[in-house]
Amino acid sequence: MDYTRKRMRIGDILIEQGVITPEVLKDALVRAKEEGKRIGEYLVESGITSEKRIARALEYQLGYKFVDLSSVTIPDEILNLVKPDVLRKYNVIPFAVSERNPNILRLAMSDPMDIVAADDIGIVTNMQIEPVICTGTDVLAALDRYFGSSQAMDVAKQYAEERGFDKELEEATEDSANLDNSPIVVLVRTMIEQAARQRASDIHIEAMEENVRVRYRIDGALYERMKYDIKLLPAIVARIKIIGGMDISEKRKPQDGRITAWVDRVEYDIRVNVLPTVFGEKIVMRLQNKRALNREKKQLGFEDAEMAKFDRILSHPHGIVLVTGPTGSGKSTTLYTALSELNREDINIVTVEDPVEANVDGINQVHVNPKVDLTFASALRAILRQDPDIIMIGEIRDGETAEIAVKAAITGHLVVSTLHTNSAASTVTRLEDMGVENYLIADSVVGIIAQRLVRRLCPDCKREVLATEEDKRILGVDPATPLRIFEPVGCPACERAGYRGRIGIYEIMEVTHHLSTVIARGANADEIKEEALKEGMNTLSMACGLKVKAGITSMSELRRIVYEA
């Protein structure tokens with residue numbers, strides 16, 4: 001890389017790299033000055049570019065190297081050089097000593113120009129500091145990975161010593177202005193921040209006989225992260241109930257709440273459920289990154305042929321489009337992606353959801369409220385008088401909602417919704433079970449998308465192997481043909497899981513004229529599936545098989561899909 005041009009301003013570098021335009025930079029410079037922020041900080045916070053782009057631009061500008069901490073294992077002897085609170089204060093982490101000189105410490109920094117941070121770390125370690133550029137989010141994630149559990153335990157211990165276990169409710173209900181740095185508040189905040197940085201979708205806080213166990217669901221699997229003394233449970237529960245808008249005095253009934261939290265400049269909508277169990281109340285917090293719901297279609301994992309089918313289904317002016325799958329299979333993301341695709345000035349889109357999962361500009365969103373008799377069915381009736389072009393129903397839960405949805409589709413509206421079924425074909429029979437006539441289903445439904453999420457193999461450690469005869473049979477490959485596939489291994493980048501991230505797999509059933517005839521005569525799910533396969537539909541297991549052959553996921557994930565579907 002040519003570092004002779006390191007004197008260029010960061011904005012000019014971003015223009016040269018095609019990240020922003022001169023007009024965007026001009027406007028950003030004015031706004032950053034007004035808000036008292038650095039230009040890079042403003043560009044990231046405004047969503048104009050990413051932290052990684054800024055870090056790469058700094059690499060080009062300053063001549064420092066860039067490090068991706070997720071692929072680095074930091075030795076204990078380096079981690080022990082500086083106390084975690086000092087590292088968090090400056091948002092830095094040492095990760096290696098220089099190969100050319102063991103007295104030079106390589107320090108990952110989100111701001112390599114922070115001379116005070118480098119000097120302080122140098123004094124503490126008695127070593128020369130070599131700044132290395134890293135994104136701020138990566139530094140925080142590394143600090144959580146290496147010090148998170150021990151720091152959380154220290155906070156719990158401090159709480160027990162300072163307050164005594166008999167005062168937990170008193171602290172949890174005090175004026176929040178005095179609470180920002182109190183141990184129990186720090187503990188709950190740390191729990192949420194660590195979960196967000198580790199890409200967790202859920203936090204489980206469970207009451208055992210002697211301990212409180214905290215587990216995070218990451219890429220669909222639960223991992224234990226912390227354990228506390230059971231005496232801490234009432235304080236944790238009380239704090240979460242307060243910020244979730246629940247009744248802290250009610251311990252006998254399940255409760256639902258909602259929390260909005262900001263972690264590393266990203267807004268998270270957190271749905272909370274509290275359930276009384278034998279040893280105390282169990283809490284599950286579902287984290288939803290609001291930005292993650294509004295994705296580009298190409299990020300969802302569609303193959304080219306699937307993308308074409310998806311586009312054809314959405315191009316219908318009226319009818320029902322159904323997205324099906326179990327909880328946590330990515331249905332909401334697909335629905336919001338479809339709505340974003342359809343969202344235009346000349347189209348009136350109205351949604352009815354429980355709850356509204358993400359706010360989308362230009363779309364009218366209704367939140368279900370059974371307390372005032374605003375159910376899916378009653379909201380739908382009102383929506384039909386609002387001159388809608390497209391209606392999104394969060395979920396079809398009963399026959400009444402299904403009947404109104406079908407009538408709306410037949411009278412010239414495009415209706416998109418979700419159902420909890422295992423496959424595209426079984427969705428038709430589920431609507432029949434809800435009391436919708438076969439001929440109405442045939443007339444109204446234009447497409448059904450069944451989906452699942454499978455874990456992506458970690459690209460840094462996946463291992464190539466020869467497929468066994470059983471593997472080839474499942475994949476539908478000739479046993480005599482040699483086939484190379486990949487299996488999980490585990491490395492620092494994926495925290496030894498072998499997988500990192502997830503991708504959607506889809507069973508897309510277009511309801512053609514011939515298929516609608518089959519549905520209208522009352523065919524069962526197997527007959528509908530057989531006809532759809534003749535017309536080119538891929539089943540979920542076939543779609544997953546393509547991802548296995550492409551080296552994206554593993555046979556163990558495919559076997560799970562075969563069993564589920």
Review point. Could you count how many residues in segment 533-565 are hydroxyl-bearing (Ser, Thr, Tyr) and within 24 Å of Pro459 (Cβ to Cβ)?
Key: 4
Practice item. Kindly indicate whether any position in segment 277-298 is among the aliphatic types (A, V, I, L, M), touching a Leu at 6+ places or on another chain (Cβ under 6 Å) and more than 27 Å from Glu193 (Cα to Cα). Key: no
Check your understanding: Can you name every residue in segment 49-94 that is modelled with pLDDT of 85 or more, of a type in the set (A, V, I, L, M, F, W, C) and not in a helix (DSSP H, G or I)?
Key -> Phe66, Val67, Ile74, Leu81, Val82, Val92, Ile93
Point to revise | Filter result (of a type outside the set (A, V, I, L, M, F, W, C) and within 23 Å of Val44 (Cα to Cα)) within segment 80-128 | key: Arg88, Lys89, Tyr90, Asn91, Ser110, Asp111, Pro112, Asp114
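Which residues, counting only those in segment 360-374, are closer than 26 Å to Gly399 by Cβ and in contact (Cβ under 8 Å) with a residue 12 or more places away in the chain?
Within segment 360-374, Asn364, Gln365, Val366, His367, Val368 qualify.
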Point to revise | One residue from Phe95, Phe66 being surrounded by 19 or more Cβ atoms within 10 Å (Cβ to Cβ), aromatic (Phe, Trp, Tyr) and touching a strand residue (DSSP E or B) at 6+ places or on another chain (Cβ under 7 Å) | key: Phe95
Check your understanding: How many of the residues in segment 302-333 are modelled with pLDDT under 90 and among the polar types (S, T, N, Q)?
Key -> 4
Exercise for review: Would you point out which residue out of Ile396, Ile347, Ile441, Ile391 is out of contact with any His (no Cβ under 9 Å at 6 or more places or on another chain), under 30 Å from Gly257 (Cβ atoms) and among the hydrophobic types (A, V, I, L, M, F, W, C)?
Suggested key: Ile396
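Specify the residue that is surrounded by the most Cβ atoms within 10 Å (Cβ to Cβ); the eligible residues are those in segment 494-518 that are among the hydrophobic types (A, V, I, L, M, F, W, C) and in a helix (DSSP H, G or I). Before the answer, list the steps.
Going residue by residue through segment 494-518, those that are among the hydrophobic types (A, V, I, L, M, F, W, C) are 494, 497, 503, 505, 508-509, 511, 515, 518.
Then drop every residue that is not in a helix (DSSP H, G or I), which leaves 494, 515, 518.
On the way: Cys494: 25, Leu515: 22, Val518: 19.
Among those residues, the one meeting the criterion is Cys494.
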Study note, to complete from the structure: With the first residue restricted to segment 442-466 and required to be outside any strand (DSSP E or B), and the second required to be of a type in the set (Ser, Thr, Tyr) and surrounded by 23 or more Cβ atoms within 10 Å (Cβ to Cβ), Cβ contacts under 7 Å at 6 or more apart or on different chains are Cys458/Tyr499
Review point. For residues in segment 168-202 being among the polar types (S, T, N, Q), modelled with pLDDT under 90 and farther than 12 Å from Gly148 by Cβ, which is most open to solvent (accessible area, probe 1.4 Å)?
Key: Asn181
Exercise for review: Determine which single condition Glu507 fails, assuming it passes every other condition in (1) closer than 17 Å to Thr421 by Cα; (2) more than 22 Å from the chain's Cα centre (by Cα); (3) of a type in the set (Asp, Glu).
Suggested key: (2)
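So, in segment 262-276, how many residues would count as being assigned to a strand (DSSP E or B), touching a residue at least 60 places away in the same chain (Cβ under 8 Å) and over 21 Å from Tyr336 (Cα atoms)?
Initially, segment 262-276 is screened for residues assigned to a strand (DSSP E or B), giving 262-263, 266-276.
Now restrict to residues that are touching a residue at least 60 places away in the same chain (Cβ under 8 Å): 263, 266, 268-271.
Now narrow it down to the ones that are over 21 Å from Tyr336 (Cα atoms): 263.
Selection size over segment 262-276: 1.
Please work out if Ala235 is open to solvent by less than 80 Å² (accessible area, probe 1.4 Å) and assigned to a helix (DSSP H, G or I).
On the way: open to solvent by less than 80 Å² (accessible area, probe 1.4 Å): yes; assigned to a helix (DSSP H, G or I): yes.
So Ala235 fits the description; yes.
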Review point. For segment 107-151, how many residues meet the condition of being among the aliphatic types (A, V, I, L, M), open to solvent by 50 Å² or more (accessible area, probe 1.4 Å) and in a helix (DSSP H, G or I)?
Key: 4
Exercise for review: All but one of (1) open to solvent by less than 30 Å² (accessible area, probe 1.4 Å); (2) under 29 Å from the mean Cα position of the chain (by Cα) hold for Lys462, so report the exception by its number.
Suggested key: (1)
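The values are calculated or read from the model by the stated rules, or taken from the named source; none is laboratory data. Owing to the predicted nature of the structure, the values given are computational and were not obtained by experimental measurement. Positions of Cβ are backbone-derived with ideal geometry, glycine not excepted, and every protein chain shown enters the neighbour counts. Surface areas here come from the heavy atoms of the whole protein model, side chains and all, with no ligands, DNA or RNA. Shrake-Rupley method; radii C 1.70, N 1.55, O 1.52, S 1.80 Å.
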